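This report concerns only the one structure given below.
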Amino acid sequence: NALALQSVPDEEALWTIENYELFLSKRRKMLAQEMNKFLEDITTTDFDTGEVTIDEMIDEGENGEIEFKSSMRWSYQREESDKKLEIVVMKTIAGLSNSDGGTLLIGVQDDGEILGLDKDFNILGGNVDKFELHVRNLLNKHLGKVSAAQVNVSFPIVRDKEICRIDVLKSDKPVYLKISTKEAGVQEKFYVRSGNSTQELSISEASEYIQKNLS
């Protein structure tokens, strides 16, 4: 048990000099497993989705706590990849975090039509794992690791098409969206939900909002 607690392989054959590289390889895997388990334990949060099914959610339409996005990366209007759409997704997540929380569905058109994620999969590597990793990287980059831990990502099948469901908890601290441009460098912006849209607040508006709602 002492060996296991220190992530030391218990196969005695690996304790010899000639098997030192195998020993290191096995121990690296054990350490990675323990680290992943530790991170899962400290970031796992119960997301209360209530009794509303995802079909009912889509049929109800967008509101202060529900938002639809056709795609993470593919512009259906221009029929091409558009990285600016990723920032639009991050704005929505920031706005939900600073408001009452809620759910973002990617792969669903504004009118509720299910488009799925095939276009995004093709751009980002072709599978769910790479899509989720990309989402997590964007969250860490633009919202920070603490805020990213308050977001749950899943991939339900709706009407025979796979979509991305992002459940966002209400944050007890202000969440700022970091945006980098060549002209202005890195800027921090503050967003909230207003009805079924996401709105940017000015510095003075954000200060007042934070004092009333997040402090």
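Structure above, values below:
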quantity	calculated
Alpha-carbon spread of segment 120-182, three principal axes, descending order, Å	38, 31, 15
Inverse mean reciprocal Cα-Cα distance (Kirkwood Rh) of segment 49-172, Å	14.5 Å
Whole-Å semi-axes of the chain's equivalent ellipsoid (Cα gyration tensor)	37, 22, 18
Taking the convex hull of Cα positions in segment 138-215, its mean projected area over all directions (nm²)	7.0 nm²
FRET efficiency, 1/(1 + (r/R0)^6) with R0 22 Å, evaluated for residue 109 and residue 133 via beta carbons	0.30
Whole-number D in µm²/s for segment 58-106 (Stokes-Einstein; Kirkwood sum over Cα pairs; 20 °C, 1.002 mPa s)	187 µm²/s
Spatially proximal lysines relative to residue 182 (Cα-Cα < 30 Å; intrachain offsets below 8 disregarded)	69, 83, 84, 91, 119, 130, 141, 145, 173
For the chain, calculated [θ]222 nm from helices alone, where every DSSP H run of n ≥ 4 adds -39500 (n - 2.57)	-12000 deg cm²/dmol
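Computed from the coordinates by the stated procedures, all read-outs in this text should not be read as laboratory data. Not measured: the values here are computed from a predicted model. As a convention, Cβ positions derive from the backbone with ideal geometry for all residues, glycine included, and neighbour counts pool all protein chains shown.
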